[in-house]
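Have a look at the structure below, then the notes.
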Amino acid sequence: MKGKAWGENHDEKSEAPVLKLFRSCLSTGGSYPMKKPPYYVTDARHFLDERGLTPDNIPGPAKKFSLFLGQIMEEASLKPPGDNIETSVKCRQKPGRKPCPGKILAHRETKESPILWKCTHCGAGGEIHKWQGTQWDNSMETVH
Ligand SMILES: [Zn+2]
C-alpha cells in the first residue's frame with residue numbers, strides 16, 4: 001500500500017506578484033478562443049521590486065510582458081490626459097497562433113486615471129493602475 005503523494009514541492013511563498021500575474025495572463029492569453037480577447041488588469045507596482053526597479057530574477061516571458069506594459073506607460077504618460085494615443089507598441093497576442101498585426105492604443109482620462117490600452121486589431125486590452133511615479137512615468141516632464 002502506497003503512502004499519500006506528498007512529494008510535490010510547492011514553493012510559492014517567495015513568488016513575486018508579477019509571476020502570479022504572468023501565470024494568469026498565460027491562462028487567459030495562451031489559447032483563448034477567438035471570440036473573447038483577453039483583458040489584463042494590472043498594477044504597475046507589481047512589476048517592480050522594493051527599490052522601484054524591474055526585478056532581474058523573473059522568467060523571460062514575464063519580463064517581456066512587463067517591458068510591453070512599460071512601453072505603453074512611457075508613451076501614454078508623455079501625452080496629456082484625455083488624448084487617444086497610438087503607441088509604437090505592437091500587440092503580443094497570437095489569436096489562432098498567428099501574431100496579431102495590431103498596434104496598441106492607449107488612453108487616460110485624467111492624471112489620476114489608470115492607463116487604458118487596447119489593440120487596434122484583435123481587441124485585447126487592459127488597464128494599468130498605479131503607474132504614477134514609477135520609472136515609466138514620463139508625465140512630470142511634460143507638465144509645464
Ligand atoms: Zn491584437
Looking at segment 38-142, how many pairs of lysines come closer than 15 Å at the Cα, when each pair is eight or more places apart or spans two chains? 10
Long-range share for segment 38-142, i.e. C-alpha pairs more than 17 Å apart as a percent of all pairs, stands at 50
Amide H neighbours of ASP43 under 5 Å, at least 5 residues apart or on other chains, H built in the peptide plane: list them. HIS129
Once amide H atoms are built 1.01 Å from N in the peptide plane, which residues 5 or more positions from VAL89, or in another chain, come under 5 Å H to H? ILE104
Size of charge dipole - segment 38-142 - debye, nearest 20, with Cβ of Lys, Arg +1 and Asp, Glu -1, no other charges: 640
What does the extension gain come out to for LEU53 and LEU67, with contour length at 0.36 nm per residue minus their alpha carbon separation? 3.8 nm
A correct Karplus calculation of ³J(HN,Hα) over segment 54-62, with 6.51 cos²θ - 1.76 cosθ + 1.60, θ = phi - 60°, whole Hz and x for Gly and Pro, returns 6, x, 7, 8, 10, x, x, x, 5
Grab the other residues whose beta carbon is less than 13 angstrom from that of ALA44, score K and R as +1, D and E as -1, and report the net. -2
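Every read-out reported here was derived from the displayed coordinates using simple, explicitly stated rules and does not represent laboratory data. Not measured: the values here are computed from a predicted model. Methodologically, a virtual Cβ is constructed for each residue, glycine included, from the backbone with ideal geometry; neighbour enumeration extends over all protein chains shown.
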